[in-house]
Amino acid sequence: MTTESKIKNPEPIWQCDNIGAGFSAHEGVIKGLNLSVNAGEKIALLGTAQSGKALLLRCLVGLRPVREGTFKVFGNEMKKLDYFEDWENIMPQSLRRRIGVCLEVEGLLSNVSVREGMELLFRFKYGDHSAKLREGAKKIVDQTCAHFGLGASIHKRPNLLTSAERRLAGIARAFLSKPHVIVLENPSQNVGDLHRETLWRALDFVAADAGRTAIFSTEDWSLAYRYCPRWIVMEDGKFVFDGSPREFLRGDHELVKGLRRLREIEASHRAAFEEVA
Amino acid sequence: MEFSISALWAFFSTMLSSWKRDRPLRHLDTRAVILRQIFFTGSEAFRLISLAAIIIGTVTVIQSGAQLRKFGGADALGSILVAAFIREVGPLVTTIVVVARSVSAMASELASMRANGEIDSLRACGVSPQSYLVVPRVLSGAIATLLLAMHFVWISFTVGFFTSQVFVNIPFDRFVDNVLTGITGMDLVIFFVKTALLGSVVFLMACYCGLRTSGASYEIPQATTMAVVWSFMFVFVMQLSISGLYYFFVLQRSGLLGML
């Protein structure tokens, strides 16, 4: 059994050999996946809807148990579980805290303001028994939120925020403790042009840090191309491609064909817009 | 969504291991959650408990007083009130009110948090939902139920005294003397143990049912119903078991068990 005390020095970050998992006990959505992620890699997880991206991400961050194969995080083998009640023990707390996560549904605490929710998580992780620690938590939350351009909206409850603000607040929370590893599910989802610059700036910071590992599950091709030198494409719970974006875009995968069609439509729209303008 | 004793046991074990690992009571935030829960559970049920104590106290004294007066045993009224309210009715009625008011609310709150992705996000951020949500709720539930049960007993005895003045006509000093001689140390132990146990079990049930949902919003009312129904089941079974054990040992000690 993996325990907090047995955590070894991590290398690689994730090592999956022939893993299988599902959203329920009897359903297998992903099967026979092999994946190795080294420190500093920036990976885009792409694929069609229902291809297994969301489940794989949840397995990687310890929110879903792996039922088959060998799954190691920071060099520590994780338990294979079936029962909900044990899910808390899928991954030790100390490993979870090294990974910053923002899933598709941000899950901001709804009964407190965004700022209070972030401070609370920070204090729970690092302790709140001294005034210095509590002040430190406030300062870090303020700095991180300012970096994401959240401004006065952090004093509001999540239900009063726009979807873009909620998204940025969720991503800001993932960055709060400056984790070694960032996992973001659809980071640009709901982020319109107004907030896109802020998001780019935050992700530039991740891209510039050679030691920081990142996995973005996304349907935003431009984001994937800009930040991720390694693309993994999933289909029906399996990897159909693992390599560089150039290599993938030169191929004739259905996704690439769809992307080309999309680019043609966008180009015609742009031409029409320029004509009017 | 189905209920399973083995899953509940696993949930309880996980709560204990999380408590041991994280020591959540060291955190000011957890203590704040405990105080807030005690306040809400207590204040929500306060008036209802008072009303229940007034009605049950009055009816018990009228009914038992009338019967006792027929046989000239009005002096036993104090002992009957002790047995009824401290050992049995106090813990039971209080827990039933708490289940109806707070357990249902807590189960739906936790199920909504799960549906909103808050539980997953807490877990992903390295904060154990068991330590931050379950431990303080179970603890505060036990404390609040205990306080409410004490309030119930106090109100029912006061009402019992005034009612007995009208219907049985016992002087104040005799009534107090009867009650005080009727209370034994074992009665108080049973009262505290039973109430705290019932309180913690029903709030554990609320947390279990709320967090067991898969995250779909249609499961929120299902979780609430399941928490209330199974809480009642556990309350009745535990009430019967604890009282049964108590009377078994009392009868055995007094030698009456062999005569039966």
Item to complete: Kindly state which helices (runs of 4 or more DSSP H) lie completely within segment B:104-185 and contain at least 2 residues that are within 14 Å of chain A (Cβ to nearest Cβ) and not β-branched (Val, Ile, Thr).
Response: B:104-115, B:118-124, B:135-167
Discussion item. For segment A:88-125, which positions are more than 15 Å from residue B:124 (Cα to Cα) and either more than 7 Å from chain B (Cβ to nearest Cβ) or aromatic (Phe, Trp, Tyr) (or both)?
Written reply: A:111, A:112, A:113, A:114, A:115, A:116, A:119
Discussion item. If a residue must be out of contact with any strand residue (DSSP E or B) (no Cβ under 8 Å at 6 or more places or on another chain) and not β-branched (Val, Ile, Thr), how many such residues does segment A:179-202 contain?
Written reply: 13
Worksheet, complete the sentence: Checked against (1) over 18 Å from the mean Cα position of the chain (by Cα); (2) within 14 Å of another protein chain (Cβ to nearest Cβ), residue B:37 satisfies every condition except (1)
Worksheet entry | Checking residue B:90 against (1) of a type in the set (Gly, Ala, Ser); (2) open to solvent by less than 50 Å² (accessible area, probe 1.4 Å); (3) not in a helix (DSSP H, G or I), the condition it does not meet | (3)
Discussion item. If I filter segment B:201-214 for residues that are open to solvent by 70 Å² or more (accessible area, probe 1.4 Å), assigned to a helix (DSSP H, G or I) and either in contact (Cβ under 8 Å) with a residue 40 or more places away in the chain or over 26 Å from residue B:59 (Cα atoms) (or both), do I get at least one hit?
Written reply: no
Practice prompt. Pick out the one residue from B:234, B:161, B:192 that is touching a residue at least 24 places away in the same chain (Cβ under 8 Å), buried (at least 17 other Cβ atoms within 10 Å of the Cβ) and not polar (S, T, N, Q).
Written response: B:234
Worksheet item: Is it fair to say residue A:210 is among the hydrophobic types (A, V, I, L, M, F, W, C), on the phi < 0 side of the Ramachandran plot, open to solvent by 50 Å² or more (accessible area, probe 1.4 Å) and assigned to a helix (DSSP H, G or I)?
Response: no
Worksheet item: For segment A:159-196, how many residues meet the condition of being assigned to a helix (DSSP H, G or I) and either open to solvent by less than 10 Å² (accessible area, probe 1.4 Å) or not hydroxyl-bearing (Ser, Thr, Tyr) (or both)?
Response: 18
Worksheet item: Based on what the data block shows, is residue B:180 among the hydrophobic types (A, V, I, L, M, F, W, C), within 23 Å of residue B:43 (Cα to Cα) and open to solvent by 40 Å² or more (accessible area, probe 1.4 Å)?
Response: no
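One line per residue, one yes/no per condition, for (1) at negative phi; (2) open to solvent by less than 80 Å² (accessible area, probe 1.4 Å):
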| site | (1), (2) |
| --- | --- |
| A:202 | yes, yes |
| A:214 | yes, yes |
| A:224 | yes, yes |
| A:230 | yes, yes |
| A:236 | no, no |
| A:246 | yes, no |
| A:252 | yes, no |
| A:262 | yes, yes |
| A:271 | yes, yes |
Response to the item:
Being among the small types (Gly, Ala, Ser) and over 23 Å from residue B:13 (Cβ atoms) narrows B:231, B:243, B:214 down to just B:243
Item to complete: Would you confirm whether any residue within segment B:21-29 is part of a helix (DSSP H, G or I), over 30 Å from residue A:97 (Cα atoms) and charged (D, E, K, R)?
Response: no
Practice prompt. Just one of (1) part of a helix (DSSP H, G or I); (2) at pLDDT 90 or above; (3) aliphatic (A, V, I, L, M) trips up residue A:199, so point out which.
Written response: (2)
Fill in: Subset tally (residues that are within 19 Å of residue A:223 (Cα to Cα) and modelled with pLDDT of 85 or more) for segment A:266-277
1
Worksheet item: Do you know which residues across segment B:58-76 are at pLDDT 80 or above and crowded, with 20+ Cβ neighbours inside 10 Å?
Response: B:60, B:61, B:64, B:65
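Here is a yes/no grid of residues against (1) farther than 17 Å from residue B:117 by Cβ; (2) touching a Leu at 6+ places or on another chain (Cβ under 8 Å):
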residue: A:162; (1), (2): yes, no
residue: A:169; (1), (2): no, yes
residue: A:175; (1), (2): yes, no
residue: A:189; (1), (2): no, no
Worksheet item: In the list A:220, A:209, A:252, A:204, which residue meets the criterion of being touching a residue at least 24 places away in the same chain (Cβ under 8 Å) and among the acidic types (Asp, Glu)?
Response: A:220
Worksheet item: Has segment A:124-135 got any residue that is within 28 Å of residue B:109 (Cβ to Cβ) and small (Gly, Ala, Ser)?
Response: yes
Worksheet item: When you scan segment B:107-129, how many residues do you find that are open to solvent by less than 10 Å² (accessible area, probe 1.4 Å) and touching a residue at least 12 places away in the same chain (Cβ under 8 Å)?
Response: 6
Response to the item:
For helices (runs of 4 or more DSSP H) lying entirely in segment A:43-137, having 1 or more residues that are within 19 Å of the chain's Cα centre (by Cα) and modelled with pLDDT under 90 picks out A:93-96, A:114-126
Worksheet, complete the sentence: Within segment B:13-40, residues in contact with a helix residue (DSSP H, G or I) (Cβ under 7 Å, 6 or more places away or on another chain), at pLDDT 90 or above and more than 19 Å from residue A:127 (Cα to Cα) come out as B:37, B:38
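The values are calculated or read from the model by the stated rules, or taken from the named source; none is laboratory data. Here the structure is a predicted model, which means the values were calculated and not measured. Ideal geometry is used to build each Cβ from the backbone, glycine not excepted, and the neighbour counts take in all protein chains shown. Note: areas computed on protein heavy atoms with side chains; ligands, DNA, RNA excluded. Shrake-Rupley method; radii C 1.70, N 1.55, O 1.52, S 1.80 Å.
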